[in-house]
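Data block below; observations after.
The values are calculated or read from the model by the stated rules, or taken from the named source; none is laboratory data. Here the structure is a predicted model, which is why all the values come from computation and not from measurement. Note that we place each Cβ from the backbone using ideal geometry, even for glycine, and neighbour counts take in every protein chain shown. Heads up: the accessible areas ignore ligands, DNA and RNA and are worked out on the full protein's heavy atoms, side chains in. Shrake-Rupley method; radii C 1.70, N 1.55, O 1.52, S 1.80 Å.
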Amino acid sequence: MRTAAIELVVNGTRRAIASEGEASLLSVLRDEIGLTGAKYGCGEGQCGACTVLIDGVPRRSCITKVWSVAGKAITTIEGIERDGALHPLQEAFLVEDALQCGYCTSGMIVSGVGLLKTNPHPSDAEILEFMEGNICRCGTYPRILAAIRRAAAGNGGVR
Amino acid sequence: MRRGGEVELAQDAALKRTATTANAKSPELAAVNFELERYEFGEPAVHHFELQRRDFFKAMGGGVAILVAAGRPLAAAVVAQESGGRRRRGDEDLPENIGAWLHVGEDGGITVFTGKVEIGQNIRTSLAQAVAEELRVSVASIRMNMGDTAHVPFDMGTFGSRSTPTMGLQLRRAAATAKDVLIDLAAKKWTVVRDGLVADDGRVRDPRSGRAATYAELAAGQQFAETIPEEDPLIAPAKWTVAGKSIAKVEGRDFVTGAHRYASDMVLPGMLYAKIVRPSAFGASLVSVDAKEAKAMDGVTCVVDGDFIGVAAPSEYLAGQAAKKIHAEWKSSPQPSSDGIFEYLKTHRGKGQDYDEPRPHIAGSLEAGLAAAEVKLRQNYTAAYIAHSPLEPRAAAAEWKDGALTVWTGTQRPFAVRDALAEAFHLSADRVRVLVPDMGSGYGGKHTPESAIEAARLAKAAGKPVKLVWSREEEFTWAYFRPAALIEISSGVSRDGRITAWEFHNYNSGTSGIETPYDISNQRIEFHGSDSPLRQGSYRGLAATANHFARETHMDELARAVTMDALEFRRRNLKDARLLAVLEAAAKAFGWSERKKEDGRGFGIAGGTEKGGYVAACADVRVDRASGEVKVERLLSAFECGAIVNPEHLSNQVEGAMVMGLGGALFEAIAFADGRITNPHFAQYRVPRFSDMPKTESVLVDRKDLPSAGAGETPIVGVAPAIGNAIFDATGVRLRAMPLVPDGLHVGKS
Ligand code: FES
Ligand code: FES
């Protein structure tokens, strides 16, 4: 019997969650916690718009049940910026104009940050492979690739 | 009756053509007695702008306002005629037909009010930039109030690539006029002649005396409104200082930090989450429904109204649970499927459609042209239905207050959605306000009001605000599609490569880009409406994509038939200097004449023109014969759309169109049977991903001497034929169906 409320650690803050454990992490982040940066694009793990980092690894929050990430470190796009300073990859997205409508952008940046964490200087092939699950319907892929390259070329994406 | 809109339509053949193809089968929302298809591209409501000057400034605050008359000369004439003296035109009245306005407030703040909306085409930035340029202020100081029906003048919608050319020009004029007014005010203030006064950096200066006054100081205490004259002097593009340069996206930071709120991100106090129970098939009617269990759930509102079934609950999860507990039985009838669809479209002509087919375009004599031909060719081409599938699905948040309705939604036609809501809920239009947060794109797919109506219906029943976000499956199923096409071409050519006859029939998909840009004396070009089994409507480039695919593939076939280089063959049949210029520019940048044939590698070229833009594309394709894999290695587009406003964003648009074009060219196709979409998921409906990316290049041809045309659509049209022609070059296999290789290319197998 599970009675204790679920606790999530989101962007470094611990929170008790009222939602059902079966609810998706995406809906809890967006609707209960009010962090709407992660987007709904498909709800089926096929587009990457909802990507968040779980213990540093990119995960599709739409197909992640909220009970399964209790106590783990969850980072959303809102937690990528620190103390008003953009992450190098966020800067690179602006410099490369790597967005049109911007709806994929949160997921792209979070995935890219996840990539750079483990592989600070990825080859183009490695970037493409890692990012394959993220859809940009506006077709800004070449610019996103350029943005990740740019961030990697700096300090390997390290601030 | 349809005043401003009719003028727009009449002025723009492309839009008119769009309207002809817009008739659609649509799911009926019997719940609210509302026929969606009427709004697909329906007539805009007459906009009665009867604001009194003093009310206007009460709402806006004092200052200087420049209003842009919509439609200009023709519109003015029509308005005068139709209002037939009914309307008083006293000095205190402002004109009725306003396209946009610009306001310089008493604090010097500059605000632009326009019904255009941001769908990723970067119009928020480019319009601000146009105004900043004329008013000599920084782009960051311009506030853009877009698509809020309570605050902006009526607008038909953001589509048809018209936003930049028309709205950009109008606002540019308004800003130039505002600057003149401010200079006049300064001249009056200092009692000097206005000649010699300079406006820049947010102030007016008199270099003679060294005096200066900020726009705020000049606008303070004013209630000045002017409707702009026809021919205002504009700064020539060659002298543009801000607008010709690339500047960063306005509010770009909000997008990279996740702070921007799309309609689907709206949160309202006490808001519920909605889920709709959809019919089992298109056109299905409800036989019976058992919603007892759902209704019994805590905090759940359940609406069964005609064929409309929906729930609203305190969380998305609970809404989903409640919807699952509703047991509905539907009755549907057999319907055509995607197999055999082209035969169906040819044999089921225009039934149930209420528009007039345009007359065929005829020139010379086909018989004579064919008789003069040394080589004749007859081929059919097809294009599948495809989905827009914007990454942000249709979404709306609705709130009722004292019988008035406010809806936040992602739509390309805020006023049409407002009118649809007013009609659906029997309200006057001024009781409905639609706001459009910058949206997760549309590509021509977000013209209709469904999600807004559904959310509003549930909000009304619940007595609380309701948000509805369509699921991906709903988006793939209940939106509308780019029309499928069957195109038949019959042609004749002389041995020296001159086309002598050109007969072209398009079934179902439409007339955008149907006319040939080539110089052919004998032609018959005809569009035939069909009874489409799927709901269809606008899409980036619309029929121009299919028409260009067919034409430019056929051109390649003809060039081969007379053993002539594809570029040389086009040169020989082309008088249109702008098209020729982009073909040459593309060929040069691509290295067309130096290309090297290798086994399994091929090159293709294609070009065309649509909506005032000219494009040529070159493709370099590799085909692995063993696996059947087709990889587009390199895709280059040369594009010209008059004077370039912002090169960086234009390249971004052109490249985006190439990537989007790639999906429709290679593998996107909607599959359906019996009133159901059978591939309504990204796992089944393949869209371009990172690994599909060729090396993309855009070559921009800047014509500062020509007015700017829109760029959102035309660059898509060259992609499919260039790739198809390259595949033929690589393999000798001629593909005449879009998508070209949904399951790879299987040469010599099967
Ligand atoms: S919304 Fe989660 S992968 Fe698409
Ligand atoms: S920028 Fe629109 S989906 Fe990527």
Ellipsoid equivalent to region A:3-78 - semi-axes via the Cα gyration tensor, in Å: 18, 13, 11
Lys/Arg +1, Asp/Glu -1 at C-beta; region A:88-154 dipole; positive extreme among A:Phe130, A:Ser111, A:Leu145: A:Ser111
Sequence-distant residues sharing a close amide H with B:Ala69 (under 5 Å, placed H): B:Gly99, B:Ile228
From the C-alpha gyration tensor of region B:599-666, square roots of 5λ in Å: 28, 12, 10
Environment charge of B:Val112, counting only residues whose C-beta is closer than 15 Å and scoring Lys/Arg +1, Asp/Glu -1: -1
Amide hydrogen neighbours beyond the local backbone of B:Ala501, cut-off 5 Å, H modeled: B:Gly492
Charge context of B:Ala259, other residues only, Cβ under 11 angstrom, K/R +1, D/E -1: -3
Contour minus Cα-Cα distance for B:Asn679 and B:Ala368 (0.36 nm per residue): 107.2 nm
Simple label model, 7 Å out from Cα along Cβ direction - A:Thr118 to B:Glu293, nm: 4.1
Pairwise FRET efficiency - B:Ser691 versus B:Ala220, Cβ, R0 = 51 Å, nearest 0.05: 0.30
Distance histogram for region B:102-143 (every C-alpha pair counted, 10 angstrom bins, percent rounded to whole numbers): 28, 57, 14, 1
Under 5 Å, built H, 5+ apart or other chain: amide partners of B:Ala484: B:Tyr385
Cα radius of gyration and Dmax for region B:246-353 (Å): 21.0, 59
Extension gain (nm, one decimal) between A:Glu20 and A:Ser68, 0.36 nm per residue minus Cα-Cα: 16.1 nm
Entries of A:Lys65/B:Lys324; B:Lys189/B:Lys249; A:Lys117/B:Lys324; A:Lys39/B:Lys325 with Cα pairs more than 30 Å apart: B:Lys189/B:Lys249; A:Lys117/B:Lys324
Virtual spin-label span in nm between B:Arg211 and A:Thr13, 7 Å along Cα→Cβ: 5.4
Efficiency of FRET between B:Asp430 and B:Glu473 - r from beta-carbon atoms, R0 51 angstrom, step 0.05: 0.90
For region A:88-154, the Rg and Dmax computed from alpha carbons only, in angstrom: 10.4, 29
Region B:420-529, accessible surface, carbon-and-sulfur percent (1.4 angstrom probe): 42
Rg over Rh, two decimals, the protein assembly as shown (C-alpha only, Kirkwood Rh): 0.97
Leading residue at positive end of dipole, region B:428-552 (Cβ point charges), from B:Leu468, B:Ala485, B:Ser512: B:Leu468
Per residue, in Å², the accessible surface of the protein assembly as shown once ligands and nucleic acids are set aside, probe 1.4 Å: 37
Region A:3-78, dipole about Cα centre (Lys/Arg Cβ +1, Asp/Glu Cβ -1), debye to the nearest 20: 160
3J(HN,Hα) from dihedral phi, region B:313-324, Karplus parametrisation 6.51/-1.76/1.60, rounded to Hz, x for glycine, proline: 9, x, 9, 4, 4, 5, 4, x, 4, 5, 4, 5
Difference of contour (0.36 nm per residue) and Cα-Cα distance, B:Lys376 to B:Ala589: 73.4 nm
Integer Hz, Karplus 6.51/-1.76/1.60 couplings in order for region B:131-144, x for Gly and Pro: 5, 4, 4, 5, 8, 6, 10, 6, 4, 5, 7, 8, 9, 10
Descending Cα extents along the principal axes, region B:469-583, whole Å: 57, 28, 22
Size of charge dipole - the protein assembly as shown - debye, nearest 20, with Cβ of Lys, Arg +1 and Asp, Glu -1, no other charges: 600
If the convex hull is drawn through the Cα atoms of region B:275-318, its volume per residue in Å³: 72
Cα gyration tensor shape for chain A, rounded if a/c is under 1.5, else prolate or oblate: prolate
Rounded to 5, the percent of DSSP beta bridges in the protein assembly as shown classed as antiparallel: 75
Rounded to 10°, Cα long-axis angle of helix A:105-118 versus longest principal axis of chain A: 80
Label-to-label distance, nm, for residues given as B:Ala581 and B:Ser285 (7 Å Cα→Cβ offset): 5.9
Backbone N under 15 Å from the A:Glu132 label point (7 Å along Cα→Cβ), restricted to region B:693-730: B:693
